[in-house]
Amino acid sequence: MVADHYSPPLFSVAPMMDWTDHHYRTLARLISKHAWLYTEMLAAETIVYQKGNLDRFLAYSPDQHPIVLQIGGSNLDNLAKATELANAYCYDEINFNCGCPSPRVAGRGCFGVRLMLDPKFVAEAISLIAANTNVPVTVKCRIGVDDHDSYNELCDFIYKVSSLSPAKHFVIHSRKALLKGLSPAENRSIPPLKYEYFYGLLRDFPDLSFTINGGIASIDEVNGALKAGAHGVMVGRAAYNNPWHILGHVDTAIYGASSSGLTRRQVLEKYQVYGDSVLQRYGLGPSLRDIVKPLLGFFHSEPGNGLWKRKADSAVQTCTTIKSFFEETLVAIPDSVLDSAVVKPQSGRGDIFANIYSSLPPPYRTREEDVI
Ligand SMILES: Cc1cc2nc3c(=O)[nH]c(=O)nc-3n(C[C@H](O)[C@H](O)[C@H](O)COP(=O)(O)O)c2cc1C
């Protein structure tokens, strides 16, 4: 069953394997109360086979709401079981991955972006997931795969999945993926972004919700995309590599709410309490390096950043607590940086979507009899 009243998040942080782990999400939530946070993709098989060890993969602290679990897989039984097992963890939404081009996933695993070639299967998978949860089920996909990259083929995919399943919200990474010849990282930068396909979907599927993703790197651009009609904006790498300047403005500039007012020093103090408690709790759990990793972009483009990173490099090898790590490294950062709250957003290309409607592809004509 799917919840009746659903509106897509205005701003979300993308699912990113090895990046949007519990530590990063803790830091992100200290900076923004309103951003929706996605987990890293979790394969249904992992959930099913690690049944006795689920906390390790699925537990999170309650302040991480709103939080979305992203699931990947192509085995219907396992997708259903995984959803059922995940229910106990009360995620706000489940997102089904149809965008990952990694050979481990799209190749051997036969899921991720490869599923865009089989929309009927995707609809079946979504229907099964939805039958096993009470929260909305959404899809994250690309605009195409290999030579299947026309606007019409993208529309066929959206049309079939949305008419044969309860999925009504699609996150669109607005570039296609190539299954051969590109690494996952290259697949996130080499195929060109085609935002016109995204805005074409808004025009051609007025009853569905769409979140734009790919290459959006400033709050101006987030606002520009929303102004042009996107229901939501998902930011990945920029929110990871520059969390203070992206997430620090989400509550005020996107949600019109008040900011936490915390300075960077105060955020770090709270993160230190979290980090040291995690280090103490689990003998063989995360390393200090794991906990420090989300901080590496925290002083992005600030004075002292280079020196701080060099100090951090050696301190992760010697320090045993986050407290001592900060004592050794923060001397590199001027007090003026540590003690200021979020200031004016860095300006970006706020007008990149201004003329998008002049370059849309021709409207999609539904060929129901061909498509279904
Ligand atoms: C390190 C890394 C890991 C990623 N892992 C996932 C993943 O698990 N699931 C997914 O749907 N997308 C994944 N992505 C893709 C992002 O969610 C996003 O679609 C992509 O980075 C484009 O957005 P951006 O330009 O704002 O970064 C990953 C991206 C990066 C950089």
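Just so it is clear, none of the values below were taken in a lab; they were calculated from the coordinates. Predicted model only: the values in this text are computed from it and were never measured. All Cβ positions, even for glycine, are placed from backbone atoms using ideal geometry, and neighbour counts span all protein chains on display.
Mind listing which trypsin sites (Lys or Arg not before Pro) in region 292-372 are in a DSSP loop and have 10 or fewer other Cβ atoms within 10 Å?
Those satisfying the criteria are R365.
Under 13 Å from the Cβ of I212, count the other residues' Cβ atoms, weight Lys and Arg +1, Asp and Glu -1, and hand me the total.
Combined, the nearby Lys, Arg, Asp and Glu give +3.
With charges only on Cβ, +1 for K and R and -1 for D and E, what is the dipole size of region 264-338 about its Cα centre, in debye, rounded to 20?
140 debye
Relative contact order for the chain: what is it in percent, counting Cα pairs under 8 Å that are at least 6 residues apart?
Once divided by the residue count of the chain, the mean separation gives 18 percent.
I want the antiparallel fraction of DSSP beta bridges within the chain, as a percent rounded to 5.
Numbers: 1 of 32 bridges.
Looking only at bridges with both residues in the chain, the antiparallel portion is about 5 percent.
For a 28 Å ceiling on Cα separation, which of these pairs sit above it: K194/K227; K33/K311; K180/K227; K140/K293; K51/K323; K168/K344?
Long pairs (Cα-Cα over 28 Å): K33/K311; K180/K227; K51/K323; K168/K344.
Please identify the trypsin sites (Lys or Arg not before Pro) of region 142-226 that satisfy two criteria: DSSP loop assignment and at most 10 other Cβ atoms within 10 Å. Which are they?
Answer in residue order: K180.
Please give the calculated 222 nm ellipticity per residue for the chain, where each DSSP H segment of at least 4 residues contributes -39500 (n - 2.57) and the sum is spread over every residue; nearest 500 deg cm²/dmol?
Roughly -10500 deg cm²/dmol at 222 nm, from the helical runs in the chain.
Got a sec? How would R281, R25 order by Cβ neighbour count within 10 Å, fewest to most?
Final ranking by Cβ density, sparse to dense: R281, R25.
Could you list C90, C319, C155, C100 so that the one with the fewest beta carbons within 10 Å of its beta carbon is first and the one with the most is last? Walk me through the numbers before you get to the answer.
On the way: C90 14, C319 19, C155 22, C100 26.
If I rank by nearby Cβ atoms, fewest first, I get C90, C319, C155, C100.
Please work through the chain and write down the cysteines that have no neighbouring cysteine Cβ at a distance under 4.7 Å.
C90, C100, C110, C155, C319
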